[in-house]
Amino acid sequence: MNGAETLKRTETMLLNLGPSHPSTHGVLRVLLELDGELILRADPDIGYLHRGIEKMCEYRTYHKCLPLMNRLDYLAGEVNNFGFCLAVEKLLDVEVPKRVQYIRVMMAELTRIASHLFWLGTHGHDLGAMTPLFYAFREREKIMDLCEMVSGARMFPLYCRIGGLAGDLPEGFIPAAWDFVKTFPEKHQDYHNLLTKNQIWIERTKGVGVMTPDEVLDWGWSGPMARGSGVNWDLRRDNPYSSYEDFDFVVPLAINGDTYDRYLVRMEEMLQANRIVRQVLERLPDLPPGDIKAKDPRVSLPPKDAVYNDIAGLINHFKLIQEGITPPQGEVYQCIEAPKGEMGFYVVSDGSPKPFRLKVRGPSFINLSALDKLARGRLLADSIALIGTMDIVLADVDR
Amino acid sequence: MNKAAELLQEKFPEEVVEVTEFRGETTITVKPERIVDICLALRDTPQTYFRYLSMIAGMDYLPQSPRFGVVYNLYSHRNHNRVTLKALLPNDANPVIDSVVPVWTTANWHEREAYDLVGIRFRGHPDLRRILMPGDWVGHPLRKDYPLRGK
């Protein structure tokens with residue numbers, strides 16, 4: 001082989017993106033096959049954060065599963081608990097008081113803002129815009145403070161309980177929440193000023209990772225990923241749960257289905273979530289304080305008075321503490337609109353105090369599966385934009 | 001009765017084993033042999049229009065027999081309703097069912113997960129390998145006879 005032929009020789013190159021690349025939002029390895037800078041194939045290798053949560057849940061009572069649910073999508077811990085509680089309540093056929101429903105909605109929407117802020121900061125950072133990160137985390141910090149007020153924890157708030165809440169809202173929460181709700185739209189404008197008309201941002205995101213509505217359905221995308229392509233679908237509006245039908249909000253849609261449009265959709269969703277929180281705060285004073293548990297002896301501990309003075313109350317208390325909640329035999333699928341898409345819980349009960357099988361449908365897992373389709377034919381640098389736009393959390397992917 | 005159940009009972013009377021309603025959800029148990037035809041019918045008939053596959057769950061019902069099953073949850077963006085399809089697999093030693101990847105592309109990773117964690121094989125799957133566990137892992141962790149804390 002002479003020199004000229006050696007120069008002509010071409011072959012593809014395999015490149016490992018990860019497993020600990022700073023733009024992968026967790027431990028993700030993507031095996032990229034490259035022709036120069038062009039991506040021919042992208043094979044995500046997941047499982048580095050697999051903790052066997054579904055298996056562990058089969059050995060725990062329903063309430064002991066709750067802390068594990070927090071650790072699925074840890075940027076939106078409260079939403080996972082919310083969904084799991086709804087699933088078990090559906091299995092038990094328990095109705096929770098309006099106050100519980102409203103407070104859960106408020107916490108879920110605050111968490112949605114926090115999750116989107118995290119996405120905004122890191123997505124921008126990945127693509128070279130460092131400033132939005134600091135602005136986004138400024139507001140996210142306030143939501144973390146609110147989570148800390150209700151549950152004592154910031155990343156893993158455990159505020160929902162099956163059949164109610166851990167306690168009523170603490171003193172000082174309502175003024176702090178009002179403060180956040182009133183100032184957020186103004187702060188939100190800062191992010192727009194930084195990115196929306198930024199030429200570099202537009203160049204990096206427009207036309208990158210385009211999905212048509214048909215492809216969205218075929219690939220199982222949900223949430224903002226689907227709405228970015230114009231699929232008019234929001235579980236909060238179309239299959240309302242936990243009194244979402246009481247609130248007035250708009251489901252933002254975009255048409256191009258690219259990274260920039262998904263950015264716009266998530267930006268608007270934050271404002272809409274803020275609107276819902278405002279409506280909850282306006283209506284909370286009308287709902288009796290302290291009404292935070294379902295009046296159902298199968299899930300709620302009896303009042304202490306009944307435990308000490310009444311044999312039925314004592315037995316009820318004893319059974320719930322010793323055995324736990326025992327739903328009837330059956331299976332339900334309950335899904336909620338999590339910040340990243342449809343978060344579903346398929347719970348199968350055999351009538352014992354532990355779930356026979358719990359299957360979690362994590363939105364990140366499904367969204368990530370389309371990475372190969374989006375990355376083919378794009379440049380290596382676009383893969384970073386694609387991972388960012390999917391808003392994946394590897395703990396949710398790997399479970 | 002649910003439209004999907006009506007459709008299947010009309011088109012595939014031999015295949016439908018049972019239709020149950022629980023807490024407002026319809027579960028249709030079908031025989032596994034013609035699962036792809038059933039899914040195609042549910043997807044393409046305008047009245048049902050289940051264009052979206054929410055999840056596939058591999059199930060191990062030990063000590064029951066048939067031991068293994070596959071559960072599909074479908075959603076229709078037109079009617080905003082859901083249906084759960086369930087297929088019990090006759091072979092306890094070597095559970096196999098046809099892959100529904102030709103019907104919904106998203107089934108690819110769901111089926112890989114069911115194969116990895118429960119050990120159900122999907123005939124015709126384009127790339128059936130482990131997804132969450134390492135490639136050389138022995139055993140399927142979500143089986144009921146798999147211990148929680150190793151051996």
Those strands (runs of 3 or more DSSP E) lying entirely in segment B:79-151 with at least 3 residues within 10 Å of another protein chain (Cβ to nearest Cβ) | B:81-89
Within segment B:41-78, which residues are more than 11 Å from chain A (Cβ to nearest Cβ) and either within 16 Å of A:LEU235 (Cα to Cα) or of a type in the set (Phe, Trp, Tyr) (or both)?
-> B:PHE68
Filter segment A:329-355 for residues that are of a type in the set (Gly, Ala, Ser) and buried (at least 22 other Cβ atoms within 10 Å of the Cβ); which is farthest from the other protein chains (Cβ to nearest Cβ)?
-> A:ALA338
Restricting segment B:4-22 to residues that are exposed (fewer than 15 other Cβ atoms within 10 Å of the Cβ) and within 14 Å of chain A (Cβ to nearest Cβ), the one farthest from A:GLN329 (Cα to Cα) turns out to be B:GLU18
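Every residue, every condition in (1) closer than 23 Å to B:PHE122 by Cβ; (2) among the β-branched types (Val, Ile, Thr); (3) modelled with pLDDT under 90, yes or no:
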position: B:VAL16; (1), (2), (3): yes, yes, yes
position: B:THR20; (1), (2), (3): no, yes, yes
position: B:GLU33; (1), (2), (3): yes, no, yes
position: B:LEU42; (1), (2), (3): yes, no, yes
position: B:GLN47; (1), (2), (3): no, no, yes
position: B:TYR52; (1), (2), (3): yes, no, no
position: B:GLY58; (1), (2), (3): yes, no, no
position: B:PRO63; (1), (2), (3): no, no, yes
position: B:GLY69; (1), (2), (3): yes, no, no
Which listed residue, of A:ILE39, A:ILE53, is of a type in the set (Val, Ile, Thr) and in contact with a Ser or Thr (Cβ under 7 Å, 6 or more places away or on another chain) = A:ILE39
Do we have A:ASN239 as out of contact with any helix residue (DSSP H, G or I) (no Cβ under 9 Å at 6 or more places or on another chain), under 25 Å from A:ILE366 (Cα atoms) and surrounded by 15 or more Cβ atoms within 10 Å (Cβ to Cβ) here?
-> yes
Verdict on A:GLY128 being at pLDDT below 90 and either part of a loop (DSSP other than H, G, I, E, B) or at positive phi (or both) = yes
The condition of being within 24 Å of A:LYS295 (Cβ to Cβ) and in contact with a Lys or Arg (Cβ under 8 Å, 6 or more places away or on another chain) holds, among A:VAL100, A:VAL105, A:VAL150, A:VAL79, only for A:VAL100
Being at the interface with chain B (Cβ under 8 Å from one of its Cβ atoms) and in contact (Cβ under 8 Å) with a residue 60 or more places away in the chain is the filter; apply it to segment A:200-220 and report the residue that is nearest to the chain's Cα centre (by Cα).
-> A:GLY220
Look at segment A:361-381 and say how many of its residues are away from every other protein chain (no Cβ under 11 Å) and either assigned to a strand (DSSP E or B) or free of Cβ contacts under 8 Å to residues at least 12 places away in the same chain (or both).
-> 1
When you scan segment B:98-125, how many residues do you find that are among the basic types (Lys, Arg) and crowded, with 19+ Cβ neighbours inside 10 Å?
-> 1
Take the residues in segment B:23-40 that are away from chain A (no Cβ under 12 Å) and assigned to a loop (DSSP other than H, G, I, E, B), then tell me which one is surrounded by the fewest Cβ atoms within 10 Å (Cβ to Cβ).
-> B:GLU33
Consider A:LEU358 carefully, then state whether it is at pLDDT 85 or above, part of a helix (DSSP H, G or I) and buried (at least 19 other Cβ atoms within 10 Å of the Cβ).
-> no
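The values are calculated or read from the model by the stated rules, or taken from the named source; none is laboratory data. On a predicted model such as this, the values are computed, not experimentally measured, just so you know. So basically every Cβ, Gly included, is an ideal-geometry build from the backbone, and we count neighbours across all protein chains shown.
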